[in-house]
Amino acid sequence: MKQVFLYGTLRHLGLLEIVLGHVPHDRLSAVSLDGYRVARAEGHDFPLILEQTGSYCDGLLLSEVTPEEQARLDYYELGFGYRLLPVEIAGQEALVYFPEPDLWQAAELWNLAEWSALHWPVTQHSAREIMGLMGQVAPHELGRYFGQIRARAYSTFLAQSNPSPATLRAAHSIESVTLHGGRLSHIGYFRTDTLRLSHPRYDGRQSDEMEREVFLTGDAALVLPYDPVRDRVLIIEQFRMGPLGRGDPLPWTLEPIAGRVDLGEMPEEAARRECVEEAGLILGQLEPVASYYPSPGEVSTYFHTFIGLCDLPDSVAGMGGLESEAEDIKSHVLSFDAAEALMKTGEINIGPLLHLLLWLKIERERLRAG
């Protein structure tokens, strides 16, 4: 009879249900494993189990593990630096997912209640995506996509935590959309799904079944730095795949500073961080402009846009970006009038920058007046 000792996050029944597809209550029992402790991995939110004389760790013993349950547990664990080894619990053998040696450093003792409060709201979404990839992506490849999976999970969390109002538009919920099937079309730095669905129509009927693709990304923060004393803005220039894919003969674009909202960040925090990373700028007051979907017909991206007040002397123009993210960024400092002229000629052809400059044109005198 195969048994698996579940510790750490898999003690959370919500996560266990996602991983297994069900909760086998009749085959779960609360047990303690002597001679081990569970610690948080340094710099991460997941747990490690480690040998330690005189210690013990609480867990759940899953008995009579079926081949399908074992396969699902293996998919969730083995692709992320864990291995399955036997231990003895109350005189019986049980299997445990141990971290690979020296892969991570242990921090403080891991706490289920703390993890449930802080990390479960996002982890539930990343776990669903991971298990949805079973049979489509090999387990040893999951690690290379995990950062983007977490970004998409955090984006879903943000969307559900603070939905936009529905006073004019239809208030049909996401549950009113019927998903008839779908498939993973591509996964890499981004993900594309092909879905078969139907949805309520305005005439009260259900739409015919249709097939649509959706390009899945995360939330992004965009900020246009503005110096109200000198009446200057800073815009950046970089190579972009979109214009290249369109066949644009000049695939370098002028844009606001932008970047992904990292796990646990508020969009305002991401805007400030990106200004440091891309242009070495420390922002003062941050003016929220708008949050929106730039291309809702096919892309899940959601933009949080800001004007950031700061000093913009001539010396801040130059090169920036993170080499770890293959960024090659040139920044330009120019007067508001010069930026407006670039809008009129069409050289600025990126929607969020046009939007931020137009907002700034309206609010400029207020900002300059202090």
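The values are calculated or read from the model by the stated rules, or taken from the named source; none is laboratory data. These numbers were taken from a predicted model, which means no experiment stands behind them. Every residue, glycine as well, gets a Cβ built from its backbone with ideal geometry; the counts of neighbours run over all protein chains shown. The accessibility values were calculated without ligands, DNA or RNA, using every heavy atom of the protein model including side chains. Shrake-Rupley method; radii C 1.70, N 1.55, O 1.52, S 1.80 Å.
Do the conditions hold for Glu340, that is, is it touching a residue at least 12 places away in the same chain (Cβ under 8 Å) and out of contact with any Gly (no Cβ under 9 Å at 6 or more places or on another chain)? Answer is yes for this residue. Among the residues of region 184-207, not a single one is under 26 Å from Gly147 (Cβ atoms), among the acidic types (Asp, Glu) and touching a residue at least 60 places away in the same chain (Cβ under 8 Å).
Quick grid of which residues meet (1) within 25 Å of the chain's Cα centre (by Cα); (2) of a type outside the set (A, V, I, L, M); (3) at pLDDT below 95; (4) closer than 24 Å to Ala159 by Cα:
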{"residue": "Arg196", "(1), (2), (3), (4)": "yes, yes, no, yes"}
{"residue": "Glu209", "(1), (2), (3), (4)": "no, yes, no, no"}
{"residue": "Asp231", "(1), (2), (3), (4)": "no, yes, no, no"}
{"residue": "Met241", "(1), (2), (3), (4)": "yes, no, yes, no"}
{"residue": "Arg246", "(1), (2), (3), (4)": "no, yes, yes, no"}
{"residue": "Trp252", "(1), (2), (3), (4)": "no, yes, no, no"}
{"residue": "Arg273", "(1), (2), (3), (4)": "yes, yes, no, yes"}
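Residues in region 1-17 that are among the small types (Gly, Ala, Ser) and either buried (at least 19 other Cβ atoms within 10 Å of the Cβ) or free of Cβ contacts under 8 Å to residues at least 24 places away in the same chain (or both): 1 in all.
Pairs are defined by a Cβ separation below 6 Å, a sequence spacing of at least 6 or placement on different chains, a first member in region 70-88 that is within 12 Å of Lys2 (Cβ to Cβ), and a second member that is basic (Lys, Arg) and part of a helix (DSSP H, G or I); no pair meets this definition. Within region 229-271, the residues that satisfy the criterion of being part of a loop (DSSP other than H, G, I, E, B) and crowded, with 22+ Cβ neighbours inside 10 Å are Pro256, Val261.
All told, Gly147 meets the bar of being free of Cβ contacts under 8 Å to residues at least 12 places away in the same chain and either closer than 18 Å to Glu265 by Cα or in contact with an Asp or Glu (Cβ under 9 Å, 6 or more places away or on another chain) (or both).
The single condition among (1) touching a Ser or Thr at 6+ places or on another chain (Cβ under 9 Å); (2) of a type in the set (Ser, Thr, Tyr); (3) over 24 Å from Gly43 (Cα atoms) that Tyr226 does not meet is (1).
Across region 22-45, the qualifying residues are those that are part of a loop (DSSP other than H, G, I, E, B) and open to solvent by less than 50 Å² (accessible area, probe 1.4 Å), and the one among them that is nearest to Glu93 (Cα to Cα) is Pro24.
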